[in-house]
Amino acid sequence: MIKTDVLVIGAGPVGLFALHQLGIIGLKAEVVDNLDKIGGQCIELYPDKPIYDIPAIPVCTGESLTKNLLDQIKPFKTNFHLNERVQEISKEKNNWKITTSKNKIFISPNIIIAGGVGSFEPRKFQIKEAEKFQDNGIFYSIKDKNYFKNKKVCIFGGGDSALDWAIELSKFAEVILVHRRNEFRGAEHSAQIARKLEQEGKIKIKTPFQINSIEGQDKIKAIIIKNDEGKTEKVPTDCVLGFFGLIMKLGPIAEWGLNLEKKTIPVNTENFQTNKEGIFAIGDICTYPGKLKLILSGFHEGAIAARACFKLAKPNEKYRFEFTTTSKSMQERLGVKKSD
Ligand SMILES: Cc1cc2nc3c(=O)[nH]c(=O)nc-3n(C[C@H](O)[C@H](O)[C@H](O)COP(=O)(O)OP(=O)(O)OC[C@H]3O[C@@H](n4cnc5c(N)ncnc54)[C@H](O)[C@@H]3O)c2cc1C
């Protein structure tokens, strides 16, 4: 059981800046994110794309913004609980009890939901055996590429992830790339490399094919793929990788009794609190008249929500507004000034 002043749900740009705002006013925070990496949409959807409207940064990429936000919160040594989805919340006296998909429990008077458009989840195979073999032969992301060394790997998908992984894994695995269309959607350059590897006999490409069924008892032995004319083919394989993109689901947040408006959470703009005391919502997931789904708006929302968390985390202390330029205590927390 982990006790903290604030649990932040979501390690997107807005959750990250909220951690900074919590840190400088002396509040402890823990973060949970469903993804295996930090950065939310910026990292998952557009790591290389330029962003031109972060105040005082004329241009940065999704990746460099995330890196800078992480650098800015380094002094607070925040714990990130990745690959975990917040499942349930319940009230226990003055605290919220929060349970994750890995059964980790947090106790906190405050929750800041910075969940963006909800948790990103991979689009999965639609055949019945797929669930049985999930994480035991069927995967939707790669945590350690060495796992696939010297194995027969069927990769499904036509986008960048499918192409990039087919190229990468072909260096040490037997790769069969399967796509339901003849043309790939991913970068032309990657498609050309894949075709060249096919000519060199380093990978096999099967198009237009889709998965039809899986053979095997405890582990996968082969898959049957089928084309539009109903022609089937048996492909012996050890592992199957599906890269069909991500779907965004509000997920369990929708079950917590919070007011919802078109998959977003209405908030009071004085403190960004939802209809439940101690539960705040900031960033893309919150709504109010005039809301702009921009990163810069989320930064402002996080600054206000952080101050509102102070009251419940330290009910016997009075919050005092201070500037980082002149506040000794804030500078101490940031590690830029030694205490007298
Ligand atoms: C292609 C593209 C370009 C964009 N360009 C710009 C731009 O130029 N300027 C700009 O200001 N904005 C831009 N945006 C919008 C910007 O990315 C979003 O406004 C921003 O990412 C919102 O940040 P966030 O932290 O609120 O949410 P997100 O970035 O969506 O992060 C939310 C995180 O919460 C996690 N999460 C959700 N639910 C749970 C749960 N139950 N348990 C655990 N974790 C959970 C998710 O996994 C995710 O990592 C762009 C968006 C896209 C898609």
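Kindly provide the set of residues from the stretch 15-28 that are touching a Ser or Thr at 6+ places or on another chain (Cβ under 9 Å) and open to solvent by 20 Å² or more (accessible area, probe 1.4 Å), ordered by number.
G26, K28
Filter the stretch 11-36 for residues that are part of a loop (DSSP other than H, G, I, E, B) and over 28 Å from V336 (Cβ atoms) and give the result.
Pass one, the stretch 11-36, residues part of a loop (DSSP other than H, G, I, E, B): 11-12, 25-28, 34-36.
N34, L35, D36, listed by residue number.
For I279, indicate whether it is within 18 Å of P109 (Cα to Cα) and not polar (S, T, N, Q).
On the way: within 18 Å of P109 (Cα to Cα): yes; not polar (S, T, N, Q): yes.
Considered against the rule, which asks whether it is within 18 Å of P109 (Cα to Cα) and not polar (S, T, N, Q), I279 comes out as yes.
Quick one: how many residues across the stretch 97-119 are in contact with a helix residue (DSSP H, G or I) (Cβ under 7 Å, 6 or more places away or on another chain) and surrounded by fewer than 16 Cβ atoms within 10 Å (Cβ to Cβ)?
Going through the stretch 97-119, the residues in contact with a helix residue (DSSP H, G or I) (Cβ under 7 Å, 6 or more places away or on another chain) turn out to be 109-110, 112-119.
Then drop every residue that is not surrounded by fewer than 16 Cβ atoms within 10 Å (Cβ to Cβ), which leaves none.
Matching residues across the stretch 97-119 total 0.
Residues that are under 21 Å from I253 (Cα atoms), open to solvent by 10 Å² or more (accessible area, probe 1.4 Å) and under 19 Å from the mean Cα position of the chain (by Cα): does the stretch 88-96 have at least one?
yes
Checking E84 against (1) away from the ligand (no atom under 15 Å from the Cβ); (2) within 30 Å of F310 (Cβ to Cβ); (3) part of a loop (DSSP other than H, G, I, E, B), which test does it fail?
(1)
Of all residues in the stretch 46-78, which are surrounded by 15 or more Cβ atoms within 10 Å (Cβ to Cβ), hydrophobic (A, V, I, L, M, F, W, C) and out of contact with any strand residue (DSSP E or B) (no Cβ under 8 Å at 6 or more places or on another chain)?
Hits for the stretch 46-78 are L69, L70, I73.
So which of R307, R333 is open to solvent by 80 Å² or more (accessible area, probe 1.4 Å) and in contact (Cβ under 8 Å) with a residue 12 or more places away in the chain? Please lay out each step first, then the result.
On the way: R307 fails: open to solvent by 80 Å² or more (accessible area, probe 1.4 Å).
After applying the criteria, what remains is R333.
Sort out which residues of the stretch 156-177 are part of a strand (DSSP E or B) and out of contact with any His (no Cβ under 9 Å at 6 or more places or on another chain), and write them in order of number. Reasoning before the result, please.
Narrowing the stretch 156-177 to residues part of a strand (DSSP E or B): 156, 174-177.
Within the stretch 156-177, E174, V175, I176, L177 qualify.
Pairs only if they're at least six apart or on different chains, beta carbon under 6 angstrom, first in the stretch 226-245 and farther than 19 Å from F184 by Cβ, second open to solvent by less than 50 Å² (accessible area, probe 1.4 Å) and assigned to a loop (DSSP other than H, G, I, E, B); list them, first residue then second.
Short answer, once both residue conditions are applied: C239/G137.
List the pairs whose first member sits in the stretch 2-15 and is at pLDDT below 95, whose second member is more than 15 Å from the ligand (Cβ to nearest atom), and whose Cβ atoms are under 6 Å apart, counting only residues at least 6 apart or on separate chains?
Here the result reads none, with nothing in the stretch 2-15 linked to a residue that is more than 15 Å from the ligand (Cβ to nearest atom).
Show the residue pairs that are 6+ apart or on different chains and have beta-carbon atoms under 8 Å apart, the first residue being within the stretch 94-117 and on the phi > 0 side of the Ramachandran plot and within 11 Å of the ligand (Cβ to nearest atom), the second being open to solvent by 20 Å² or more (accessible area, probe 1.4 Å) and not β-branched (V, I, T).
Pairs that qualify, where the first residue is on the phi > 0 side of the Ramachandran plot and within 11 Å of the ligand (Cβ to nearest atom) and the partner is open to solvent by 20 Å² or more (accessible area, probe 1.4 Å) and not β-branched (V, I, T), are G116/Q41; G116/M248; G116/D284.
Conditions: (1) assigned to a loop (DSSP other than H, G, I, E, B); (2) in contact with a Phe, Trp or Tyr (Cβ under 9 Å, 6 or more places away or on another chain); (3) at pLDDT below 95. E131 meets all but one. Number of the miss?
(1)
Could you look through the stretch 1-10, keep only residues that are over 19 Å from E301 (Cα atoms) and part of a loop (DSSP other than H, G, I, E, B), and pick out the one that is most open to solvent (accessible area, probe 1.4 Å)?
Applying the first criterion (over 19 Å from E301 (Cα atoms)) to the stretch 1-10 yields 1-4.
Subsequent filtering for residues that are part of a loop (DSSP other than H, G, I, E, B) retains 1, 4.
Numbers: M1: 167, T4: 11 Å².
In this case the residue turns out to be M1.
So which residues in the stretch 218-230 are open to solvent by less than 40 Å² (accessible area, probe 1.4 Å) and assigned to a loop (DSSP other than H, G, I, E, B), if there are any at all?
First, the residues of the stretch 218-230 that are open to solvent by less than 40 Å² (accessible area, probe 1.4 Å): 220, 222-225, 227, 230.
Answer for the stretch 218-230, where residues must be open to solvent by less than 40 Å² (accessible area, probe 1.4 Å) and assigned to a loop (DSSP other than H, G, I, E, B): I220, N227, G230.
Within the stretch 231-286, which strands (runs of 3 or more DSSP E) (wholly inside it) include 3 or more residues that are more than 25 Å from the chain's Cα centre (by Cα), more than 12 Å from the ligand (Cβ to nearest atom) and under 23 Å from D5 (Cβ atoms)?
Values: elements: 232-236, 239-242, 246-249, 279-281.
Here the list is empty.
Restricting the first residue to the stretch 47-59 and requiring it to be acidic (D, E), which pairs with a second residue that is in a loop (DSSP other than H, G, I, E, B) meet a Cβ separation below 8 Å and a spacing of at least six or different chains?
What qualifies is D53/L294.
The values are calculated or read from the model by the stated rules, or taken from the named source; none is laboratory data. Just so it is clear, the structure is predicted and the values come from calculations on it, not from any experiment. When we count neighbours, we look across all protein chains shown, and the Cβ atoms used for this are built from the backbone with ideal geometry, even at glycine. Just the protein is used for accessible areas: all its heavy atoms, side chains included, with ligands, DNA and RNA removed. Shrake-Rupley method; radii C 1.70, N 1.55, O 1.52, S 1.80 Å.
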